[in-house]
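Report on the structure given below.
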Amino acid sequence: MYARAFADVYEAAPENVRNMFTKRLFDVIDKNGDWSRAERIIREIERFITKKQGGREVQLEFARPVPLALINELKKRFRAVDRIDVSVNTSLVAGVRIVIDGERELDNSMARKLKDMFKKEL
């Protein structure tokens, strides 16, 4: 509820009063004792705003830390309104996994390739 209400108000508000809405959000979270959920609330707000602006949520998961230059080069392949999160997922063994809007996935990881290879042998 926090996220949807905040995203609606924030998007409609003029630039000069958006900070006031942000402060008020934190006041309400504090008043209701919801600090344990604050990170999740903020993620949902970002998701709503990204969707309203016509963007997509993109997750780039790498098996190991990669140079910033490579990350920036990959980010160029997406639109400016897309929200891009980069993380390290050691279970990938090697390679990259890209998930768009939590639905579409490009899994170019070694873990998936090994899984596919052994599945064919059975």
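The values are calculated or read from the model by the stated rules, or taken from the named source; none is laboratory data. Since this is a predicted model, take the numbers as computed values, not measurements. Heads up, the Cβs are rebuilt from the backbone with ideal geometry, glycines too, and the neighbour counts pull from every protein chain shown.
Look through R43, R18, R24 and report the one residue that is within 15 Å of the chain's Cα centre (by Cα) and either of a type in the set (K, R) or loosely packed, with under 12 Cβ neighbours inside 10 Å (or both).
R43
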Select from segment 92-109 the residues that are under 18 Å from V66 (Cα atoms), of a type outside the set (D, E) and surrounded by 14 or more Cβ atoms within 10 Å (Cβ to Cβ) and write down the one among them that is modelled with the highest pLDDT. V99
When (1) surrounded by 11 or more Cβ atoms within 10 Å (Cβ to Cβ); (2) not assigned by TED's automatic domain parsing to the domain that holds L106 are applied to I71, the one that fails is (2)
Can you run down the residue pairs with Cβ atoms below 7 Å, 6 or more apart or on separate chains, where the first is in segment 88-109 and closer than 15 Å to F78 by Cβ and assigned by TED's automatic domain parsing to the domain that holds E61 and the partner is of a type in the set (F, W, Y) and surrounded by 11 or more Cβ atoms within 10 Å (Cβ to Cβ)? V96/F62
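Scan segment 50-80 residue by residue and report those that are within 12 Å of the chain's Cα centre (by Cα) and within 23 Å of F26 (Cβ to Cβ).
Pass one, segment 50-80, residues within 12 Å of the chain's Cα centre (by Cα): 50-51, 55-61.
Residues satisfying the conditions are T50, K51.
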Does segment 65-77 contain any residue that is of a type outside the set (S, T, N, Q), touching a helix residue (DSSP H, G or I) at 6+ places or on another chain (Cβ under 8 Å) and under 28 Å from S109 (Cα atoms)? no
Would you point out the residue of segment 27-39, among those that are under 20 Å from the mean Cα position of the chain (by Cα) and surrounded by 12 or more Cβ atoms within 10 Å (Cβ to Cβ), that is farthest from K52 (Cα to Cα)? R37
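So, in segment 63-87, exactly how many residues are more than 20 Å from R47 (Cβ to Cβ) and either without any contact (Cβ under 8 Å) to a residue 12 or more places away in the chain or charged (D, E, K, R) (or both)?
Taking segment 63-87 as the starting set, the residues that turn out to be more than 20 Å from R47 (Cβ to Cβ) are 63-74, 76-77.
When the remaining residues are screened for being either without any contact (Cβ under 8 Å) to a residue 12 or more places away in the chain or charged (D, E, K, R) (or both), the result is 64, 66-70, 72-73, 76-77.
Residues flagged as more than 20 Å from R47 (Cβ to Cβ) and either without any contact (Cβ under 8 Å) to a residue 12 or more places away in the chain or charged (D, E, K, R) (or both) within segment 63-87 amount to 10.
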